[in-house]
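A short worksheet on the structure shown next.
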Amino acid sequence: MVYLRVDTTVFLDVNPSVTLQVNCNEKVIRAQANNPDGEIVLENMDLKNADLNVAVNAVIGSMVRHGYLTEARDVVLLSVSSGSAEKTESLRVRLSGEINDCLTSMVGSSAVFDQEVELDDNLVDLAGKYGITPGKAALIRRVVEAHLGLSLIHISEPTRRVVISY
């Protein structure tokens, strides 16, 4: 049963938003698209039981193939959540380096923003409301909390971008 239990969750956001839930052996238990672009990225991919490193590279490769990552200005937001701060930090650093290497080889450059995320009900609700990962929701919440007067307004259609304003 321990192999079926989620130990760590990895969120990958560009505009496609993808969540990878992994067990204690870093095998993917579930890969989930968090929005329609994420569905395109994961289309025809079976990542169940794949090593986390392989799954992350496959997702990034699919983002490149589908045109979501094409230039140096494109940024990947990597968010990692685990019950162990040490494990979260280790995975965050390692996966950030792997994504950087993968993007450098595929598009010639990379930009990876990484963060640790502590999941809570409000964060999960915010992510569900806007069709984004809890990782992106955590970043938005940090920005809004750090700058007095900012507020989260809405998701603009058709780009699905979160609008923050004064």
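See the values below:
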quantity	calculated
Computed helical MRE - 222 nm, the chain, DSSP H runs ≥ 4 contributing -39500 (n - 2.57), nearest 500	-13000 deg cm²/dmol
Residue among SER84, SER96, SER17 with the largest mean-square fluctuation in a Gaussian network model of the chain, springs linking Cα atoms under 10 Å	SER84
Residue with peak Gaussian network fluctuation, the chain [Cα springs, cutoff 10 Å], from GLU145, GLU89, GLU71	GLU145
Mean Cα-pair separation over length for the chain, i.e. relative contact order, pairs under 8 Å, 6 or more apart, %	19 percent
Pair GLU43, VAL93: separation of 7 Å Cα→Cβ label points (nm)	3.9 nm
Nitroxide proxy distance, nm - points 7 Å out along Cα→Cβ at ARG5 and ASN25	1.5 nm
Ranked order, TYR3, TYR130, TYR68 - accessible area, probe 1.4 Å, largest first	TYR3, TYR68, TYR130
Stretch in the chain that is longest and holds no trypsin sites (Lys or Arg not before Pro) that DSSP places in a loop and that have at most 14 other beta carbons within 10 Å	74-166
Label-to-label distance, nm, for residues given as ASP120 and VAL144 (7 Å Cα→Cβ offset)	1.3 nm
Spatially proximal aspartates and glutamates relative to LYS48 (Cα-Cα < 12 Å; intrachain offsets below 8 disregarded)	GLU26
Positive minus negative residues near GLN115 (Lys, Arg vs Asp, Glu; Cβ under 13 Å)	-1
Size descriptor, Kirkwood hydrodynamic radius, that averages inverse alpha-carbon separations across region 86-136, Å	12.5 Å
Given charges at beta-carbon only (K, R positive; D, E negative), |dipole| of region 35-95 in Debye	180 debye
Net lengthening on full extension, GLU86/ASP51 (0.36 nm per residue, minus Cα-Cα)	10.6 nm
Gaussian network model of the chain, Cα within-10 Å springs - most flexible of ALA55, ALA138, ALA146	ALA146
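The values are calculated or read from the model by the stated rules, or taken from the named source; none is laboratory data. Fair warning: this is a prediction, and the values are worked out from it, not measured in the lab. Note that each Cβ is placed from the backbone with ideal geometry, even for glycine, and that neighbours are counted across all protein chains shown. The protein model used for the area step is the full one, side chains on, heavy atoms only, and it has no ligands, DNA or RNA in it. Shrake-Rupley method; radii C 1.70, N 1.55, O 1.52, S 1.80 Å.
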